[in-house]
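The values are calculated or read from the model by the stated rules, or taken from the named source; none is laboratory data. Here the structure is a predicted model, which is why all the values come from computation and not from measurement. Cβ placement follows ideal geometry from the backbone for every residue including glycine, while neighbour counts extend to all protein chains displayed. For the accessible areas, the whole protein counts, side chains as well, though only heavy atoms, and no ligand, DNA or RNA atoms are used. Shrake-Rupley method; radii C 1.70, N 1.55, O 1.52, S 1.80 Å.
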Amino acid sequence: MGYEPQADFGTPEAKGAPVTLTIDGQSVTVPAGSTVMRAAAEANTFIPKLCATDSVKQFGSCRLCLVEIDGRRGTPASCTTPVEADMVVHTQTPRLQKLRKGVMELYISDHPLDCLTCAANGDCELQDQAGAVGLREVRYGYEGANHLDVSKDVSNPYFDFDPAKCIVCSRCVRACDEVQGTFALTIEGSGFGSKVSAGTGLDDFLSSECVSCGACVQACPTSTLQEKKVAEIGTPDRSVVTTCAYCGVGCTFRAEMRGEQLVRMVPWKDGKANRGHSCVKGRFAWGYAQHQDRITSPMIRERIDQPWREVSWEKALSHAASEIKRIQAKYGTRSTGGITSSRCTNEETFLVQKLVRAGFGNNNVDTCARVCHSPTGYGLKTTFGTSAGTQDFDSVMDADVILIIGANPTDAHPVFASRMKRRLREGAKLIIVDPRGIDLVRSPHIEAAHHLPLRPGTNVAVLTAMAHVIVTEGLADEAFIRERCDWDEYQDWAAFVSDPKRSPEAVEPLTKVPAEVLREAARLYATGGNGAIYYGLGVTEHSQGSSTVMAIANLAMATGNIGRPGVGVNPLRGQNNVQGACDMGSFPHELPGYRHISDTETRALFEGDWGVSLDSEPGMRIPNMLDAAVDGAFKAIYIQGEDILQSDPNTHHVAAGLAAMECVIVHDLFLNETANYAHIFLPGSTFLEKNGTFTNAERRIQLVRKVMTPMNGMEDWEVTQRLAQALGLDWNYTHPSQIMDEIARLTPSFAGVTFDRLDAEGSLQWPVNDKAPMGSPVMHIDGFVRGKGKFVVTDYVPTDEKTGPRYPLLLTTGRILSQYNVGAQTRRTENTAWHPEDRLEIHPVDAEDRGLRDGDWVRLASRSGETTLRALVTDRVAPGVVYTTFHHPATQANVVTSEYSDWATNCPEYKVTAVQVSASNGPTDWQEDYEALSERSRRIAHQEAAE
Amino acid sequence: MNSEEKLVYMANQIARNIAPSGAGEAAEAVADHIAHFWDPRMKQMIFAHINAGSTDLSPSALAGLKLLRTQDASGQSSAG
């Protein structure tokens, strides 16, 4: 479509009963609580305005939106005047015209008249309103005091702040407060001296609390806050709505384009996951898509110590197929496998698992959920019957008590965190269970009622102790349990948790959580109204990850916090399509829709559709594949969009497994770390270059729309199809919508999903079927999917990863706002301004004991390996606990992590590694050797040599 | 740990986490879990380990694996 700015109704939508009034002779009906400005806009009458925008509350400062109302004196501001029944409003009268002209004249008298060379020319509300009010002259001249010479702040890598163009409408300040909830900006001074300030000593955006979410830039009506890309490229001439490829929130954006060039990503107001908001990654960090490191030609090599040779697609794919066939002939059908990508679309993921099952003839397919939310799948399927969260994001606005455990939403799921903070500012209570003092424990206008700073690895003990309090103090919702759950199982569980040895007092020595704090938290969750639990990888990435998920489900069922808005169990998914990848049958034991491969009826359904016979035995998980490779039994792997060498635990073992394979096929945007061990490289396409769907953490299926031609010539699903064809499979999809049709045909929870419906509805939350044709925002409303909710006894089993004299500290890992997972995308953007390296957070006491100062290089050693990085001395971590991120391959934090994993799913225990920290003066041997290996491995032979 | 040691560790870990559901049901639960999630090679390796006279499996892990071996032999495994 051509370029149209998103509609701005001036003030937020209201929810009241219908009210009818007359505006400029036209009858208008809107909800009570609407403003006159909003009502007029709903009727396509756009009253001139500057300080109003519908993402923030009305402010009433610019005096441009004045109206006349029959029977009332004066000229009230339409943005602050609520509608009333039978009100008669006039928006255009000679009196109003004169007043507005006068207001605009004053604004323009202190504004640069450089419209023709201004980056916002043609996209400036001030310019538009000057035209709308008919301003033709400025009588005051420009010689008096003004702000035209104030210097520009260019410190932020993505946008500039030019105070000379500021009209001090406060939209940016209000957007930062109300939409983002960071409160980084303020209006400093008064009267003529009023100015927007980032509130720091340097008074620049980069050094301020600003998180670069872009809300202020979006709210700015002038070019004061302006994307650098718009200044560089020009204003967009078309836009395409698509879905972000970063975290599991699944924000929808308008990709605003000029020709084939992306100018900016603007959050889409109609997006139901993000409601018009964004974070620094989705809004700005898309430069990787055109980064010079992109590989756009297929490449092969015989051995990993050779340079790559660029070849044609035909040569690369026929070579890949030939190698797979050779290896299967020599080592057997089960010696091959594949890994699907949670960054790719549902359709692409579906095809990779289909390729493995129908083409390779085995079930050796797995996905990155193995290392993140596989325990969620296991735990929620066991207790509720469905491997997914129970709520939509909107549900948080009905929560009274929010319990966050093992998640850091402001860093990892920032757009949802902003919504959560809005609800907390409205009065909801907050409980945080986390070893670190994450931002939500205390930040502007937010303070947790209770923070339970547990020792890493003791989640189950803490949750069971909370259950102990709920049951023994008579706080359980017996009516709910009797109606909705298996009563006998509940009684067994209640007896188990009631044992005094599971009381808060009894477990305090091992959890380090003060018993009384835990008791208060349990009471609040059970009795504070709607209780909603949100959790992340601090729950799943433990040896008892699945038990913790089930313990959470137990708590929700015991208190009746399931099956309505405002409650529920909500896993905050890490990657954009990790929910979808799991839905699509990426696990080695399940076909799409979470149906076990051994189920004859399900298998027959797929066999009939695909025209092949399927292996009835579960396949290998990623760690099993690597073990089998080291044993010589697993020889070839096709990895789409996943960097297991950097993301998976115990890097030495991953490297050994990859090195033992005869054919490693990496299908990715970049020569990632895993590609150092690859024999065939198939260039991938970004989310901007493909069509398909992603499914976010709330089960919301959303369209991904191609906005530019793939640099490599093909979308990823086309590459997989070409590989399948080279293996002899008769696949002939011409568009991903046909793949979705097949998914819907074979998967009951997707039965009502088509691309046409997604286009029409904007999104659908599965299950979408005859019972729920419009999808299912909240699950388990009338009963659990499995029938009766299942209480599972979850005994605390300490991890075998023990601290001791050699390794006295516990390392836990996580991610930071500006970077994303292994950093393959964000490291190739300006986001490195905020996080150029991984740092080791260490408590001042532990640092002092070791003679370490902030910024020192330190050696981080565990039983698995060692690395070096710089220290960040902070009391965010407790004594005895250290923390780091894993965004930079130079650090290789996973050299240190152990091979211990969740008992049920093999999800690695990233969150608990016994380590020692000591002073260091340089990189480890491993880091130096690895850097040399990477350099050798990434050589690409010149074309002449290749031919 | 080599692959065989890992499988023993995993089986013991499964048994230890499932055990609280009741000793009588533990063997069945261990068998069911392994039948649902382990690939054929892993099962063959652990059965071979038992056949070689293993002493490092916990009683409930061993009972579960023996039950699974019997079920597999008779084609009655819950996942197969």
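Could you give the length gained on full extension between A:A833 and A:E483, defined as 0.36 nm per residue of separation minus the Cα-Cα distance, in nm?
Full extension from A:A833 to A:E483 adds 120.6 nm.
Helical runs (DSSP H, four residues minimum) scored at -39500 (n - 2.57) apiece and divided by the length of chain A put the mean residue ellipticity at 222 nm at -8000 deg cm²/dmol.
Placing a label point 7 Å from the Cα of A:I781 along the Cα-to-Cβ line, the residues of the range A:537-568 whose backbone N sits under 13 Å from it are A:563-566.
Think of each Lys and Arg Cβ as +1 and each Asp and Glu Cβ as -1; about the Cα centre, that makes the dipole of chain A roughly 940 debye.
In sequence order, the range A:639-644 has phi-based couplings of 10, 9, x, 8, 10, 5 Hz under the Karplus curve 6.51 cos²θ - 1.76 cosθ + 1.60, θ = phi - 60°, and Gly or Pro positions carry x.
Here the 3J(HN,Hα) profile of the range A:720-731, calculated from phi with Karplus coefficients 6.51, -1.76 and 1.60 at θ = phi - 60°, is 4, 5, 5, 5, 4, 5, 5, 7, x, 7, 8, 9 Hz, Gly and Pro shown as x. Using DSSP to call loops (not H, G, I, E or B), can you name the GluC sites (Glu not before Pro) in the range A:1-79 whose Cβ has at most 13 other Cβ atoms within 10 angstrom? Listed in order of number, the matching sites are A:E13. Computed extension length for A:S190-A:T600: 140.1 nm, one decimal, from 0.36 nm per residue of separation with the Cα-Cα distance subtracted. Applying a DSSP loop filter and a limit of 10 other Cβ atoms within 10 Å to the GluC sites (Glu not before Pro) in the range A:246-327 leaves A:E260, A:E302. Averaging Cα coordinates gives a centre for the range A:223-271 and one for the range A:746-774; these two points are 27 Å apart.
Other residues within the sphere of radius under 11 Å centred on the Cβ of A:L933, judged by their own Cβ, net out at -4 (K and R +1, D and E -1). I'd like the carbon and sulfur percentage of the solvent accessible area for chain A, probe radius 1.4 Å, heavy atoms only, ligands and nucleic acids excluded. With neighbouring chains kept in place, the figure for chain A is 49 percent. Computed with a 1.4 Å probe over protein heavy atoms only, the accessible surface of the range A:467-555 comes to 34 Å² per residue.
Counting only alpha carbon atoms, the long axis of helix A:515-527 and the longest principal axis of chain A meet at about 60°. Accessible-area loss of 10 Å² or more (1.4 Å probe, protein heavy atoms, chain alone versus all protein chains) is found in the range A:882-921 for A:E899, A:Y900, A:S901, A:W903, A:A904, A:N906. Computed from the C-beta positions of A:Y331 and A:D730, the FRET efficiency with R₀ = 25 Å rounds to 0.45. What accessible area, summed over both chains, is buried at the A-B interface (1.4 Å probe, Å², nearest 100)? For A against B, buried area totals roughly 2300 Å².
Take each residue of peptide A:535-547, count the partner chain Cβ atoms within 10 Å of its Cβ, and average: the result is 1.
Only one residue of A:V612, A:T222, A:N650 has its Cα farthest out toward the positive end of the dipole of the protein assembly as shown, where Lys and Arg carry +1 and Asp and Glu -1 on Cβ, and that residue is A:T222.
Using the beta-carbon distance between A:E426 and B:E25 and R0 = 56 Å, what value does 1/(1 + (r/R0)^6) give for FRET efficiency, to the nearest 0.05? Please list the in-between numbers first.
Numbers: r = 46 Å, r/R0 = 0.83.
Efficiency, from the Cβ-Cβ distance: 0.75.
Proximity of backbone amide H atoms, modeled 1.01 Å from N, is registered between A:M87 and A:T22 at under 5 Å, excluding neighbours fewer than 5 places apart on the same chain. Near A:F480: Cβ cut-off under 15 Å, other residues only, Lys/Arg at +1 and Asp/Glu at -1. The net charge is -1. Averaging 1/r across all pairs of distinct Cα atoms in the range B:3-74 and inverting the result yields a Kirkwood radius of 11.8 Å.
The simple Förster model, with R0 at 60 Å and r as the Cβ-Cβ distance, assigns A:E232 and A:T803 a FRET efficiency of 0.70. Taking amide H atoms as placed 1.01 Å from N in the peptide plane, the amide H of A:N274 lies under 5 Å from those of A:T252, each 5 or more residues away in sequence or on another chain. The residues of the range B:3-74 expose, per residue, 41 Å² of accessible area to a 1.4 Å probe.
The Cβ shell under 13 Å around A:T383 holds other residues with a net charge of +3, Lys and Arg each +1, Asp and Glu each -1.
Taking every alpha-carbon pair under 8 Å whose residues sit at least 6 apart, chain A reaches a relative contact order of 13 percent. Amide H to amide H, with H built 1.01 Å from N, A:F791 comes under 5 Å of A:D486, A:Y490, counting only residues 5 or more places away or on other chains.
Have a look at the DSSP beta bridges in the protein assembly as shown and tell me what percent are antiparallel, nearest 5.
60 percent
Couplings 3J(HN,Hα) of the range A:480-496, computed from phi: 4, 5, 4, 7, 10, 10, 6, 5, 5, 5, 4, 4, 4, 5, 4, 5, 4 Hz, in residue order, whole Hz [Karplus 6.51 cos²θ - 1.76 cosθ + 1.60, θ = phi - 60°; x for Gly and Pro].
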